[in-house]
Amino acid sequence: MIIEELYREHWPLVCGFLLRRTRDPHLAEDLAQETFVKATRAMLGWRGENPAAWLLAIARNVLLDHVRRRRVELALPDPDELGVPSIGAGALEVRDALDRLPPQHRRLLELVYLEGFSMVEVAAMTGKKHNTIKTAVWRARAAFAETYGAP
């Protein structure tokens, strides 16, 4: 597969992934372009595995590099000013319930609910079909509910 085909086929996925994380369309497009530049340079090392997963991994690294380069530190407002509740025992109970799940369930829930990946992106990263991921997430949520003690 040549880089032009990768670009045409996977630009929306890569750009969408970056847009959800940056919430800035211009920055997302810049980072997506950088992702494809890095992919072009890395083509010789690519073994032909799942191209979407490979590109999303590069995009994630490009985003992390961008965040590290910026090193902008803003003073955080007081949580009371934002109306944000403090982390309580409930958050710790959720984390404990997640830790007691089988690794595949825990990882799926973390990817979708904590890291913000869509089920389409998780499917692309794992090389599985979207419906397979939907079913796996449903099962993981059921296992979490049982572990957490929810009805």
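Tabulated data
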quantity	calculated
Subset of segment 97-151 that is of a type in the set (D, E, K, R) and either closer than 18 Å to Leu13 by Cβ or in contact with an Asp or Glu (Cβ under 6 Å, 6 or more places away or on another chain) (or both) - its residue that is modelled with the highest pLDDT	Lys134
Unique residue being modelled with pLDDT of 85 or more, under 18 Å from Ala124 (Cβ atoms) and open to solvent by 90 Å² or more (accessible area, probe 1.4 Å) when the list is Arg47, Arg60	Arg60
Selection within segment 117-146 - within 18 Å of Leu98 (Cα to Cα), touching a residue at least 40 places away in the same chain (Cβ under 8 Å) and either in contact with a strand residue (DSSP E or B) (Cβ under 6 Å, 6 or more places away or on another chain) or open to solvent by 40 Å² or more (accessible area, probe 1.4 Å) (or both)	Phe144
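The values are calculated or read from the model by the stated rules, or taken from the named source; none is laboratory data. Here the structure is a predicted model, which means the values were calculated and not measured. With ideal geometry, Cβ positions are generated from the backbone for all residues, glycine too; neighbour counts draw on all protein chains shown. Each accessible area value is taken on the protein alone, full model and side chains, heavy atoms only, with ligands, DNA and RNA left out. Shrake-Rupley method; radii C 1.70, N 1.55, O 1.52, S 1.80 Å.
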